[in-house]
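Enquirer: Please read through the structure below; I'll follow up with questions.
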Amino acid sequence: MRNALTLLLVAACHLTACFASTARALEYPYAPYNEGKMDPQKTGWPLTDAERAYVLKAEYERRPGREVNQHKPALWPVTPSAGFWGGSSWLDTHANLVKVAQAGKGPIDVLLVGDSITMQWGEAWPKYFPTLKTVNIGIGGDKTQNVLWRLDHGGVDGLEPRVVVLLIGNNNMFFTPETGIAPAAQGIKVCADNLREKFPKALVIVVKVFPAHAPGNPFYEDIKKVNAALDTLALEADPKVRVLDIWGEMVNADGTLKKGLFTPDNIHLTQDGGYKLYAGKLQPLIEAFLAGKEVPK
């Protein structure tokens, strides 16, 4: 059943050409979502009362298939869904980031999109990119489906970034036993496609998921598999997309994480180690594009 759902998902992505640059709302691989049979408000901000009540339900109550009491985990990573930490805290965090986006309305140099690894750039970003006007909309714990929902519900409205850096997928690993690997990779691609549709002039840098934990750990091994699956999706066939892979610089010869790059949880990055490496790998891509030069692959 899982394999069948995965094939259905891939076919849907190819057949619908879902993310062409048009003014209409994006269409996702799950038709009931596009038809308004799930989210009462598929796009826009502020939220209607009906939408707010809907997204304040636990996330498992809003997954594809739930509306018809069916289990469709392969579609979770590619169908927009608001996050949920309990109560309204996740939604409040998103609302605050909407205000940040509105305050930065208009041209900016860089838009950072992702989860806690993006959120925690902290002082490292202005240290390595002091002159770039940047908006960071990272939210801890986010999965691809949460980013999709935020992009469609005010998260980037009014922004005109020249470069977008997308790093997402780590938290999808908690669910790969149910969703499978291919849908997690598709979720990353759909996020990139969404950003390309919204910002057709921008360069979108898709960063492969960073290693976490240790070789043999299911989380670590599934990240490797998702990154490999991402290679099969040919994101760089789009001239405005670059894929950044720095896995090799983050691990030792035996695959273990390099000391000094990661915090004790073996997931997040250290300011003076991990983010320094990450910034150094982003710099030539960002600088080339902003200077009007060919961006290396």
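Enquirer: Of all residues in segment 121-138 being over 15 Å from GLY104 (Cβ atoms) and of a type in the set (Gly, Ala, Ser), which is farthest from the chain's Cα centre (by Cα)?
Expert: The residue in question is ALA124.
Enquirer: Find the residue count for segment 63-92, including only residues that are charged (D, E, K, R) and either touching a Lys or Arg at 6+ places or on another chain (Cβ under 7 Å) or part of a helix (DSSP H, G or I) (or both).
Expert: Selection size over segment 63-92: 3.
Enquirer: Under the condition of being surrounded by fewer than 20 Cβ atoms within 10 Å (Cβ to Cβ) and in contact (Cβ under 8 Å) with a residue 40 or more places away in the chain, which residue from segment 128-143 is farthest from PHE174 (Cα to Cα)?
Expert: LEU132
Enquirer: Could we say that ILE223 is within 19 Å of LEU269 (Cβ to Cβ), in contact with a Lys or Arg (Cβ under 8 Å, 6 or more places away or on another chain) and either among the hydroxyl-bearing types (Ser, Thr, Tyr) or in contact (Cβ under 8 Å) with a residue 40 or more places away in the chain (or both) here?
Expert: Numbers: within 19 Å of LEU269 (Cβ to Cβ): yes; in contact with a Lys or Arg (Cβ under 8 Å, 6 or more places away or on another chain): no; either among the hydroxyl-bearing types (Ser, Thr, Tyr) or in contact (Cβ under 8 Å) with a residue 40 or more places away in the chain (or both): yes.
Answer is no for this residue.
Enquirer: Tell me whether segment 55-62 contains one or more residues that are basic (Lys, Arg) and assigned to a loop (DSSP other than H, G, I, E, B). Spell out the reasoning first.
Expert: Filtering segment 55-62 for residues basic (Lys, Arg) gives 57, 62.
Filter again for assigned to a loop (DSSP other than H, G, I, E, B), leaving 57.
Yes, because at least one residue in segment 55-62 is basic (Lys, Arg) and assigned to a loop (DSSP other than H, G, I, E, B).
Enquirer: Now for a separate question. Which count do you get for residues in segment 126-147 that are part of a helix (DSSP H, G or I), closer than 16 Å to ILE205 by Cα and touching a Ser or Thr at 6+ places or on another chain (Cβ under 8 Å)? Walk me through it before giving the result.
Expert: Applying the first criterion (part of a helix (DSSP H, G or I)) to segment 126-147 yields 126-128, 144-147.
Filter again for closer than 16 Å to ILE205 by Cα, leaving 144, 147.
Next, from what is left, pick out any that are touching a Ser or Thr at 6+ places or on another chain (Cβ under 8 Å): none.
Of the residues in that region, 0 qualify.
Enquirer: Within segment 113-127, count every residue that is crowded, with 20+ Cβ neighbours inside 10 Å and of a type in the set (A, V, I, L, M).
Expert: Within segment 113-127, residues that are crowded, with 20+ Cβ neighbours inside 10 Å and of a type in the set (A, V, I, L, M) number 2.
Enquirer: Got at least one residue in segment 195-202 being in contact (Cβ under 8 Å) with a residue 24 or more places away in the chain and crowded, with 23+ Cβ neighbours inside 10 Å?
Expert: We begin by selecting, within segment 195-202, every residue in contact (Cβ under 8 Å) with a residue 24 or more places away in the chain; these are 195-202.
Within this subset, residues satisfying the condition of being crowded, with 23+ Cβ neighbours inside 10 Å are 195.
The answer is yes; a qualifying residue exists.
Enquirer: Still on this structure, please answer the following. Can you pull out the residues in segment 264-282 that are loosely packed, with under 14 Cβ neighbours inside 10 Å and either closer than 16 Å to LYS208 by Cα or over 22 Å from the mean Cα position of the chain (by Cα) (or both)?
Expert: Start the filter on segment 264-282 by keeping residues that are loosely packed, with under 14 Cβ neighbours inside 10 Å, which leaves 264-265, 272, 280.
Residues satisfying the conditions are PRO264, ASP272, GLY280.
Enquirer: Please work out which residue is surrounded by the most Cβ atoms within 10 Å (Cβ to Cβ), limiting yourself to segment 211-261 and to residues that are more than 22 Å from the chain's Cα centre (by Cα) and assigned to a strand (DSSP E or B).
Expert: Across segment 211-261, the extreme among qualifying residues is LEU257.
Enquirer: Let me ask something else about it. Taking the options GLY273, GLY248, GLY255, GLY292, name whichever one is small (Gly, Ala, Ser) and in contact (Cβ under 8 Å) with a residue 40 or more places away in the chain.
Expert: None of the others qualify; the one that does is GLY255.
Enquirer: If you don't mind, there's one more thing I want to ask. Within the group ASP92, ASP109, ASP39, which residue is surrounded by fewer than 13 Cβ atoms within 10 Å (Cβ to Cβ) and of a type in the set (D, E, K, R)? Show your work before the answer.
Expert: Values: ASP109 fails: surrounded by fewer than 13 Cβ atoms within 10 Å (Cβ to Cβ); ASP39 fails: surrounded by fewer than 13 Cβ atoms within 10 Å (Cβ to Cβ).
Among ASP92, ASP109, ASP39, only ASP92 is surrounded by fewer than 13 Cβ atoms within 10 Å (Cβ to Cβ) and of a type in the set (D, E, K, R).
Enquirer: Same structure again: Just a yes or no: is a residue in segment 137-149 of a type in the set (Lys, Arg) and under 17 Å from GLN102 (Cα atoms)? Please lay out each step first, then the result.
Expert: Keep residues of segment 137-149 that are of a type in the set (Lys, Arg), which gives 143.
Going one step further and asking which of them are under 17 Å from GLN102 (Cα atoms), we end up with none.
No - not one qualifying residue is present in segment 137-149.
Enquirer: When the residues of segment 156-179 are filtered to those that are surrounded by 23 or more Cβ atoms within 10 Å (Cβ to Cβ) and part of a loop (DSSP other than H, G, I, E, B), which remaining residue is nearest to the chain's Cα centre (by Cα)?
Expert: So the residue we want is ILE168.
Enquirer: Just the residues that are assigned to a loop (DSSP other than H, G, I, E, B) and within 30 Å of PRO239 (Cα to Cα), please, taken from segment 262-297.
Expert: As a first pass, look at segment 262-297 and keep what is assigned to a loop (DSSP other than H, G, I, E, B): 263-268, 270-273, 291-297.
Selection gives ALA291, GLY292, LYS293, GLU294, VAL295, PRO296, LYS297.
Every number in this text was worked out from the coordinates using simple rules, so none of it is lab data. Here the structure is a predicted model, which is why all the values come from computation and not from measurement. No Cβ is skipped: glycine too gets one built from the backbone with ideal geometry, and neighbour counts run over all protein chains shown.
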